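Chemist: Structure incoming, see below.
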Amino acid sequence: MSRPNAAQLAYGSATVVFSTLALLLLSRTTNTLGIVVISAAGLLLGLLVTVTMPAPRRKPRPTAAPLPRNEEIRVPAVHAGAGADTRIRS
C-alpha cells in the first residue's frame, strides 16, 4: 500500500469530523463511554475513507535516451586570443 496523498488525507479528516459530529448530535449521548465509542467509530470511518479512496494515476515520466557507449562527450577547449603564442617579451 502506498502513502496517502493530500486529497485522501483531507477527505479522511473531513469524514472523521463530520461523521463524529453528526453521530454525537443524533445520538444525544452524554456519558463518557458513548462519546468514546462514537469518536472511535468516526476515526474508523475516516480511516476507511482514506484507504479506499482511489489515488490519482500518474503519467510515466519520459526518460532520456542513454548515450551510446562508444561515443565520448566532447567539451570545447578554451582558446587564447589570436597571436597570443607569437608575442615576444622584451
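Chemist: With a point put 7 Å past each Cα toward its Cβ, work out how far ARG28 is from ALA77 in nm, to one decimal.
Modeler: Reported label-point gap for ARG28 and ALA77 is 9.5 nm.
Chemist: How much length is gained on full extension from LYS59 to LEU44, taking 0.36 nm per residue of separation minus their Cα-Cα distance?
Modeler: 2.2 nm
The numbers here are math on the coordinates, done by the rules we state, and not lab data. Since the structure is predicted, the reported quantities are computational estimates derived from the model, not experimental observations. So basically every Cβ, Gly included, is an ideal-geometry build from the backbone, and we count neighbours across all protein chains shown.
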